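Sharing a structure with you now.
The values are calculated or read from the model by the stated rules, or taken from the named source; none is laboratory data. Model, not experiment: these values are computed from the prediction. Cβ: placed from backbone, ideal geometry, glycine included. Neighbour counts: every protein chain shown. When the accessible area is computed, the model is the full protein with side chains, heavy atoms only, and any ligands, DNA or RNA have been set aside. Shrake-Rupley method; radii C 1.70, N 1.55, O 1.52, S 1.80 Å.
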Amino acid sequence: MTQRISRRDVLRLSGSAAALTVGTGYFSQLSAQESKSPNEKLDIACIGVANRASSNVNGVKHQNIVAICDIDDKYLTAAGEKFPQAAKYHDVRKVLDAGKSLDAVVISTPDHMHAPATLWAMQLGKHVYCEKPLTHSVAEARQVTELAKKQGVATQLGTQIHAGDNYRRVVELVQSGAIGKVSEVDVWVGKGWGGGDRPKETPEVPSHIKWDLWLGPAPERPFHGVYHPANWRRWWDFGGGTLGDMGCHYVDLPFWALGLKYPKTVWAEGPEVHPETAPTGLTVHYEYAASETHGPIKLTWRDGDHTPSEVQGHKVPGSGVMFRGEKGDLLATYGDYKLFPEEKFADFQPPEKTIPSSIGHYEEWIKACKEGTPTTCDFAYSGPLTEAVLLGNVAFRTGEKLEWDAASLKATNSTAADAYLSRPYRKGWEV
């Protein structure tokens, strides 16, 4: 009689018996639990519980939320009322240190904490759901991608719109040749996370905020209310501006439809580079070499005060994606698409549906955790997507046209880029 070996068995048997010391917390390499049956509930820890995180917590609340973690006591108390059985933590390291029974971790922190929390969880054999962008730096994205493959855990990036039917129909249109061979793509987002100088005031840290834990691996700096919540996205130490915030959502569509991965060159246009904050508007140019799935592709990203009102002579909404093909153009938003010229496509019949509807963005991941089935935004896909997105910021900050060698993770023509591909970590937060 053949005995079925679960994903968890593989992790335990292959595995990593070495202990991992991170900061002041000691993480013993735990034997992985048996995989859950489809009818069993996962034991999940949620790192971050408010604002954007609240949607992710809500997406998995029908499982067992056994631990919640946040640096803000007000947020933690409110979440604790919803999940009274969950253990409460301020420090992500202590969640994982205590997490012998954990099956999976949902990470919804500011960007600078994504990679440390994700890497530590996967090193312990935990399945991971992480908000976008996957990491704060390009090098971290590659590190996370490679570890996910090695550990064989179930992963999903928080690109929730990827599960929508409209994206699937757009991918089918592009791949069916409805607009012919695509050579250019425009992506734009009318949103602006940028600008500003470091505040000079140094107010006291509110009693409900654990500021040192909020900083985590980022450089030490005094507390100020300008950072928490949300506005941290403007600051290079914590986020990546509008491109870091929205790039994985909108660039996801051409990545999927055209089978993109690593760009050949990247360069950017914007205001003078500020040492502290992202620009209020940015244009990034990506060039992709021809592959088995597409010819050479030029992809242009624009955000903030660089957002266009027209693309290729077509009036466009505040955010969207325009595929330029030999036979016409295809405009896509989150919930709709349109073919141009309109008169040419007046009687157009879309191709047969070939991409099945998603069972749900969170449900894909939960099912994968239990059964080993694939997810559509696993780290094998979303790691390279994140790399490409974050390379736009690297190009902007260097002021150079980067010639990108993905295999060596280097811009072959720019030593200046090295300083922005990775980042230092505060003592106790190294990965």
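For the range 114-272, take N as its residue count and report Rg(C-alpha) divided by 2.2 N^0.38 Å. Each step should come with its number before you reach the end.
Working: Rg = 18.8 Å, N = 159, 2.2 N^0.38 = 15.1 Å.
Expressed relative to 2.2 N^0.38 Å, the Cα Rg reads 1.24.
As an exercise, use a Förster radius of 25 Å and the Cβ-Cβ distance of E363 and D73 to find the FRET efficiency, rounded to the nearest 0.05. Write down the numbers at each step before the final one.
Numbers: r = 32 Å, r/R0 = 1.26.
According to the calculation, E is roughly 0.20.
Could I have the simple spin-label model distance between E269 and N413, label points 7 Å from Cα toward Cβ, reported in nm to one decimal?
Placing both labels 7 Å along Cα→Cβ, they lie 1.7 nm apart.
Could you give the length gained by full extension between S291 and K200, i.e. 0.36 nm per residue of separation minus their alpha carbon distance, to one decimal place?
Details: separation 91, 0.36 × 91 = 32.76 nm, distance 5.05 nm.
Full extension from S291 to K200 adds 27.7 nm.
Can you tell which of V226, P263, G247 lies farthest toward the positive end of the dipole of the range 203-273, using +1 and -1 charges on the Cβ of basic and acidic side chains (Lys, Arg; Asp, Glu)?
Of V226, P263, G247, it is P263.
Let me ask something else about it. Please state the charge dipole magnitude for the range 111-177, taken about the Cα centre, from unit charges on C-beta atoms (+1 on K and R, -1 on D and E), reported in debye and rounded to the nearest 20.
Details: 7 positive and 6 negative charges, 36 e Å.
Roughly 180 debye, rounded to the nearest 20.
Which distance in Å, rounded to a whole number, links the C-alpha centroids of the range 141-159 and the range 276-340?
Distance between centres, Cα-based: 27 Å.
Here's something else I'd like to know. For the chain, return all DSSP H helices satisfying: extent of Cα atoms along own axis at least 27 Å; mean Kyte-Doolittle hydropathy at least -0.5. All intermediate terms of the calculation are to be shown ahead of the outcome.
On the way: long enough: 379-398 (28 Å, 0.67).
Helices meeting the span and hydropathy rule in the chain are 379-398.
Might you tell me the accessible area per residue for the chain, computed with a 1.4 Å probe and given in Å²?
Working: 18220 Å² over 431 residues.
Normalised by residue count, the accessible surface of the chain is 42 Å².
Moving to a separate point now. Which number do you get for Rg(Cα) / (2.2 N^0.38 Å) in the range 226-286? Don't jump to the answer; show the numbers that get you there.
Working: Rg = 13.3 Å, N = 61, 2.2 N^0.38 = 10.5 Å.
After normalising by residue count via 2.2 N^0.38 Å, the value is 1.27.
Among 159-172, 126-139, how do they line up from the highest to the lowest mean number of other beta-carbon atoms within 10 Å?
Values: 159-172: 19.2, 126-139: 26.8.
My ranking of the peptides, most packed first, is 126-139, 159-172.
If the only charges are +1 at each Lys and Arg Cβ and -1 at each Asp and Glu Cβ, what is the size of the charge dipole of the chain around the Cα centre, to the nearest 20 debye? Write out the running numbers ahead of the final one.
Details: 47 positive and 52 negative charges, 205 e Å.
For this selection, approximately 980 debye.
Rounded to whole Å, give me the distance from the Cα center of the range 385-416 to that of the range 200-229.
Cα centres, the range 385-416 to the range 200-229: 30 Å.
In the range 312-431, what percent of the accessible surface is made up of carbon and sulfur (1.4 Å probe, ligands and nucleic acids excluded)? It would help to have the intermediate numbers written out before the result.
Values: 2980 of 5880 Å².
Ligands and nucleic acids excluded, carbon and sulfur reach 51 percent.
Do the sum for the chain: with -39,500 (n - 2.57) for every DSSP H run of n ≥ 4, divided by all residues, what is the mean residue ellipticity at 222 nm, to the nearest 500 deg cm²/dmol?
Details: 13 runs with 126 residues, N = 431.
Dividing the helical sum by the residues of the chain leaves -8500 deg cm²/dmol.
Just the number, please: carbon plus sulfur as a percent of the accessible area of the range 45-123, 1.4 Å probe, no ligands or DNA/RNA counted.
Working: 1350 of 2690 Å².
Reported share for carbon and sulfur atoms: 50 percent.
While we're looking at this one, here's another question. Sorted by packing (mean other beta-carbon atoms within 10 Å per residue), highest first, where do 183-189, 147-153, 337-343 land? Intermediate results must be reported in sequence, preceding the final value.
Values: 183-189: 21.7, 147-153: 19.3, 337-343: 14.6.
The packing order, highest mean first, is 183-189, 147-153, 337-343.
What FRET efficiency, computed as 1/(1 + (r/R0)^6) with R0 = 25 Å and r the Cβ-Cβ distance, is obtained for K427 and K149, rounded to the nearest 0.05? Provide the component values of the computation, followed by the final result.
Values: r = 29 Å, r/R0 = 1.17.
Efficiency, rounded to the nearest 0.05: 0.30.
Enumerate the residues in the range 305-342 having an amide nitrogen under 13 Å from the point lying 7 Å beyond the Cα of K181 toward its Cβ.
Correct set: 325-327.
Tell me, what % of the accessible area of the range 184-284 is carbon and sulfur with a 1.4 angstrom probe? Each step should come with its number before you reach the end.
Values: 1920 of 3810 Å².
Summing carbon and sulfur atoms, their accessible area is 50 percent of the total for the range 184-284.
Right, next: Compute the semi-axes of the equivalent ellipsoid of the range 203-324, taking the square root of 5 times each eigenvalue of the Cα gyration tensor, and list them largest first in whole Å.
Numbers: eigenvalues 238, 55, 35 Å².
The answer is 34, 17, 13 Å, longest axis first.
How far apart, in nanometres, would the label points at N58 and N166 be if each is projected 7 angstrom from Cα along the Cα-to-Cβ direction?
Going from the N58 label point to the N166 one covers 1.9 nm.
Students often get this wrong, so try it: which of (1) 154; (2) 203; (3) 190 is volume of the Cα convex hull per residue in Å³ as calculated from the structure shown?
The listed entry that was calculated here is (1).
Using 0.36 nm per residue of separation minus the Cα-Cα distance, give me the extension gain between K88 and H314 in nm, one decimal. Spell out each step's value before the answer.
Working: separation 226, 0.36 × 226 = 81.36 nm, distance 5.16 nm.
Stretched fully, the K88-H314 segment lengthens by 76.2 nm.
Sorting check: for 316-328, 288-300, 214-226, 91-103, which peptide has the highest mean count of neighbouring beta carbons within 10 Å, and how do the rest follow?
Values: 316-328: 18.6, 288-300: 14.9, 214-226: 17.1, 91-103: 20.5.
Per-residue Cβ counts within 10 Å, averaged per peptide and sorted highest first, yield 91-103, 316-328, 214-226, 288-300.
Still on this structure, I have one more. Could you give me the ³J(HN,Hα) list for the range 178-194, computed from phi with Karplus coefficients 6.51, -1.76, 1.60 and θ = phi - 60°, whole Hz, x at Gly and Pro?
4, 10, x, 5, 8, 10, 9, 9, 10, 10, 9, 9, x, 9, x, 10, x
Additional query: Quick check: residue separation of K353 and N39 times 0.36 nm, minus the Cα distance between them. What number comes out in nm? Present the calculation step by step, with values, prior to reporting the outcome.
On the way: separation 314, 0.36 × 314 = 113.04 nm, distance 3.04 nm.
Result for the pair: 110.0 nm of gain on full extension.
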